[in-house]
Amino acid sequence: MDSFLIEGGTTLRGEVQISGSKNAVLPIMAATLLTAETCVIRHVPDLSDVRFMCQILTSLGAEVEFDGSTLKVRAANITGTGDYDLIRKMRGSICILGPLLARLRKATVSLPGGCVIGTRPIDLHLKGLRTLGTQIRIEAGYVHAEAPDLSGSLVFLGGRAGPTVLGTANILMAATLAEGVTVIESAACEPEVVDLADFLNAMGARIQGAGSPTITVTGVRELRGVEHEVIPDRIEAGTFAVAAAASGGEVTLRGARPDHLGAVLDKLQEAGVRITRRAGALTIGAASNLKPVDITTMPYSGFPTDMQAQLMALMCQAPGTSIITERIFESRFMHAAELMRLGADIGIEGPSAIVKGGAPLSGAEVMASDLRASAALVIAGMAASGTTQVHRVYHLDRGYERMEVKLEALGARIQRVPGE
Ligand code: EPU
């Protein structure tokens with residue numbers, strides 16, 4: 001397993017190009033299963049999760065070509081049974097269920113497991129599909145779903161922690177080819193859901209209201225192949241923004257969408273970070289006097305859970321106390337113990353982390369536990385004095401395109417150490 005070796009104490013300066021969004025492209029890739037015609041997707045990030053999804057589509061019978069940025073999928077002849085091991089390994093792959101059901105009226109996919117950030121149930125996905133007339137049986141780790149008469153209905157998708165992003169994607173995709181009208185209430189409002197709806201509408205679907213809590217889908221008979229460009233990755237942009245602020249430098253994020261980053265930019269500004277918005281770019285400059293801020297993660301347009309770990313790394317440097325409360329996933333604080341290895345002072349009390357910032361960080365060996373936790377450790381490692389080794393960076397490769405290459409171009413001293 002590769003690791004990153006980081007010499008800390010560098011200041012990031014320059015420009016970085018933001019890649020296409022991982023969490024937008026994964027459901028869009030699943031949506032290509034809705035048509036027998038060729039779909040062309042551009043601005044696709046070259047990530048291990050994307051390559052993994054390519055394998056899943058291939059295992060279902062689709063023809064897939066990916067050159068590292070443009071993806072072509074032709075799902076002319078597909079089967080409704082996904083490879084157990086492939087699907088089980090990547091949670092995001094659950095979003096093939098909706099399109100398979102819509103196209104074939106029958107699907108069998110493995111139940112995705114929990115992961116280090118929480119149990120991650122799919123009860124809301126299944127409830128929504130049942131409401132559309134799907135018979136669902138869970139047996140030996142598989143979801144067997146059948147919907148000879150898939151039909152529109154009123155689907156309420158609110159759960160314990162609010163709406164579900166991939167659940168909304170699944171129901172949206174299933175509803176495109178269902179008979180009649182589906183109204184999704186308490187739908188996720190994330191920009192990734194809007195990008196999926198734009199893709200589906202270009203294919204000929206009739207979807208209104210994406211980006212709001214009520215989405216209406218009028219079923220159509222069939223969908224066609226389209227070309228589409230994926231939105232920029234707001235979490236990658238936010239991660240580089242925090243990295244720039246933590247290093248005390250100045251970085252311009254090319255291609256970032258400030259309108260997708262409202263809550264993150266607001267918190268950075270409150271912390272004293274300088275932000276300049278210009279068409280097509282966003283510049284993040286160091287705070288002259290970094291201040292602690294309190295954060296509570298929420299569904300969009302609130303502060304994203306996928307930026308919580310990175311903000312915690314930044315708050316370790318702000319003199320004073322910040323309280324970071326995680327409301328989306330029950331155990332997304334694995335990075336706290338690793339940040340403490342670098343000298344951070346963090347206490348966990350229920351869903352909140354109490355960060356007493358300002359003590360200098362010093363390099364250590366740390367272990368990445370999930371994608372965003374890994375990003376937080378890289379940010380902290382760059383800000384710490386001395387050498388930090390971040391183990392298990394395969395987590396980072398799932399969701400950040402060539403992160404070490406982009407950081408090195410900004411002046412970081414970071415290198416990938418192949419397999420240990
Ligand atoms: N939930 C349920 N039942 C369900 C589905 C979700 O109780 O059927 C709960 C979850 O346990 C959680 C909350 O609802 O407490 C929200 O989960 P959601 O379903 O929205 O998460 P997701 O769709 O599985 C996507 C992203 C995650 C991101 C979350 C929240 C993808 C591939 N994944 O997951 O991204 O954290 O939305 O914004 O889109 C990441 O990129 O690092 C990542 C984990």
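Pairs please, first residue from the range 255-275 and more than 29 Å from residue 229 (Cα to Cα) and open to solvent by less than 40 Å² (accessible area, probe 1.4 Å), second anywhere and of a type in the set (A, V, I, L, M) and at pLDDT below 95, Cβ atoms under 6 Å, 6+ apart in sequence or on different chains.
Correct list of pairs: 272/287; 273/287.
If I filter the range 53-80 down to residues being open to solvent by 40 Å² or more (accessible area, probe 1.4 Å) and in a helix (DSSP H, G or I), which single residue comes out as nearest to residue 234 (Cα to Cα)?
It comes out as 55.
Looking only at the range 214-254, filter to residues that are among the polar types (S, T, N, Q) and free of Cβ contacts under 8 Å to residues at least 60 places away in the same chain; which one of those is least open to solvent (accessible area, probe 1.4 Å)?
216
For the range 149-176, name all the residues that are β-branched (Val, Ile, Thr), part of a helix (DSSP H, G or I) and over 19 Å from residue 111 (Cα atoms).
The answer is 176, and nothing else.
Looking at the range 86-121, which of its residues are in a helix (DSSP H, G or I), surrounded by 18 or more Cβ atoms within 10 Å (Cβ to Cβ) and under 18 Å from the mean Cα position of the chain (by Cα)?
Listed by number, the residues that qualify are 87, 91, 92, 93, 94, 95, 96.
Taking residue 250, is it of a type in the set (Asp, Glu), away from the ligand (no atom under 16 Å from the Cβ) and either more than 22 Å from the chain's Cα centre (by Cα) or within 27 Å of residue 162 (Cα to Cα) (or both)?
The answer is yes for residue 250.
Looking at the range 294-319, which of the residues that are closer than 21 Å to residue 259 by Cα and small (Gly, Ala, Ser) is farthest from the ligand (Cβ to nearest atom)?
Among those that are closer than 21 Å to residue 259 by Cα and small (Gly, Ala, Ser), it is 301.
Scan the range 10-25 residue by residue and report those that are of a type outside the set (Val, Ile, Thr) and either within 14 Å of residue 286 (Cα to Cα) or in contact with a Phe, Trp or Tyr (Cβ under 6 Å, 6 or more places away or on another chain) (or both).
Within the range 10-25, the subset of a type outside the set (Val, Ile, Thr) is 12-15, 17, 19-24.
Hits for the range 10-25 are 12, 13, 14.
Consider residue 75 against the criteria (1) more than 17 Å from the chain's Cα centre (by Cα); (2) farther than 26 Å from residue 155 by Cα; (3) within 13 Å of the ligand (Cβ to nearest atom): it satisfies all of them except one. Which criterion is unmet?
(3)
If the Cβ limit is 6 Å and pairs must be 6+ apart or interchain, which residue in the range 122-136 that is in the same structural domain as residue 91 (by TED's automatic domain parsing) and surrounded by fewer than 21 Cβ atoms within 10 Å (Cβ to Cβ) pairs with which residue that is of a type in the set (Gly, Ala, Ser) and at pLDDT 95 or above?
Between residues of the range 122-136 that are in the same structural domain as residue 91 (by TED's automatic domain parsing) and surrounded by fewer than 21 Cβ atoms within 10 Å (Cβ to Cβ) and residues that are of a type in the set (Gly, Ala, Ser) and at pLDDT 95 or above, the close pairs are 131/153; 133/147; 133/151; 136/145.
The values are calculated or read from the model by the stated rules, or taken from the named source; none is laboratory data. These figures come from a predicted structure and were not determined experimentally. For neighbour counting, all protein chains shown are included, and Cβ atoms are generated from backbone atoms with ideal geometry for every residue, glycine included. Just so you know, the surface numbers come from the protein's heavy atoms only, side chains and all, with ligands and any DNA or RNA stripped out. Shrake-Rupley method; radii C 1.70, N 1.55, O 1.52, S 1.80 Å.
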